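The structure under discussion appears below in the form of structure tokens.
The values are calculated or read from the model by the stated rules, or taken from the named source; none is laboratory data. Since we're looking at a predicted model, the values are computed, not measured. Glycine gets a Cβ as well: all are built from the backbone with ideal geometry, and neighbour counts include every protein chain shown. The area values use the complete protein model at the heavy-atom level, side chains included, leaving out ligands, DNA and RNA. Shrake-Rupley method; radii C 1.70, N 1.55, O 1.52, S 1.80 Å.
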Amino acid sequence: MESLINNLLEFFYILIGLLLMTTAARVFMDKTHPTRMGTSLFWMLLGIVFAFGNFIPFMIDGIIILVMGVLTLFKQVQIGKLAELNEAESEAASKRIGAWIFLPCILLAALAVGIAQLTPLGGQVGIGLASIGSLLVVIFITKAKPKTVLDDSDRMIQQVGTTGILPQLLAALGVIFTQAGVGTVISNGISTVVPEGNRLAGVVAYCLGMVIFTMIMGNGFAAFTVITAGIGVPFVMMQGADPVVAGALAMTAGFCGTLLTPMAANFNALPAALLEMKDTNGVIRAQAPLAILMILIHIVLMYFWAF
């Protein structure tokens, strides 16, 4: 079973890599693109990492990622020519399909959870299989041609741009921080501020630490291991808190930080890019009041429920 899971995951990564390479080819063929060489190289390199990253030396993977960083630094990755939309056809399709357009979205979530909970394949494979299943449903409902699927995939990839790689880099950064002992450094620093044995101070430090570090990392999962090791265990759980309750609330407290940072590309930068919002932080501004309220609620819940 483990071999099957690994093979399926590898297949999904190769599929993503091929889509990225398709975008690279499209950009390269666009003679009017202002940064044709840099942009096509970026998407080709990212496609290689996704599709063949496990089959080439890790040192080469690292060099490729550094080259991608240099291309981004010098603003060599820009949106090129996208497939044109026919407004009349889009309007007619909207009236014909109606609310059925939401079916693939619901199906994706339901299939992913079902596969994760009811089969030994796990959540990652569940998301991959659910994505393919939902895509087939989209094609059936919309009667879209394969070219339309490729056109819209290219449009999304280019609109998201370089922020698309941010979640992977931040997740890797979390592992590096943990291995480097950042949690120990944080624990030593907090010990000079939080009074020993003060449960409330420990809870506040744990929740706010998760929020702040998630804002820095852009990823609550990456922040969890570092902050739990540095603050959660010595200042909350060692004071008698239930690790299950405290850990669960700490994770969702970190998600409050996700609502407040542009580093959370999937949640904040991506919608702003797809909706072509003038205010790139507009999503964050809308979420901030609720996020702050939820942070306070988490502190209260952890203090009364975990002990």
Among Ala130, Ala110, Ala99, which is at pLDDT 90 or above and exposed (fewer than 15 other Cβ atoms within 10 Å of the Cβ)?
Ala110
In the stretch 170-202, the residues that are part of a helix (DSSP H, G or I) and free of Cβ contacts under 8 Å to residues at least 12 places away in the same chain
Ala172, Ile176, Gln179, Asn188, Gly189
In this structure, is Val175 open to solvent by less than 30 Å² (accessible area, probe 1.4 Å), of a type outside the set (Gly, Ala, Ser) and out of contact with any strand residue (DSSP E or B) (no Cβ under 6 Å at 6 or more places or on another chain)?
no
Looking at the stretch 293-307 only, could you name the residues that are open to solvent by 60 Å² or more (accessible area, probe 1.4 Å), touching a residue at least 12 places away in the same chain (Cβ under 8 Å) and of a type outside the set (Ser, Thr, Tyr)?
Met294, Trp305, Phe307
Out of (1) over 24 Å from the mean Cα position of the chain (by Cα); (2) modelled with pLDDT under 90, what's the single condition that is false for Ile79?
(1)
Please state which of the following conditions Phe55 fails to meet, knowing it meets all the rest: (1) surrounded by 14 or more Cβ atoms within 10 Å (Cβ to Cβ); (2) not in a helix (DSSP H, G or I).
(1)
Being without any contact (Cβ under 8 Å) to a residue 24 or more places away in the chain, in contact with a Phe, Trp or Tyr (Cβ under 6 Å, 6 or more places away or on another chain) and open to solvent by less than 80 Å² (accessible area, probe 1.4 Å) narrows Ala24, Ala88 down to just Ala24
Suppose we keep only residues that are at pLDDT 90 or above and open to solvent by 70 Å² or more (accessible area, probe 1.4 Å) within the stretch 58-72. Which one would you say is farthest from Val160 (Cα to Cα)?
Met59
Considering only the stretch 196-211, I want to know if a residue exists there that is of a type outside the set (Asp, Glu), under 18 Å from the mean Cα position of the chain (by Cα) and surrounded by fewer than 21 Cβ atoms within 10 Å (Cβ to Cβ).
no
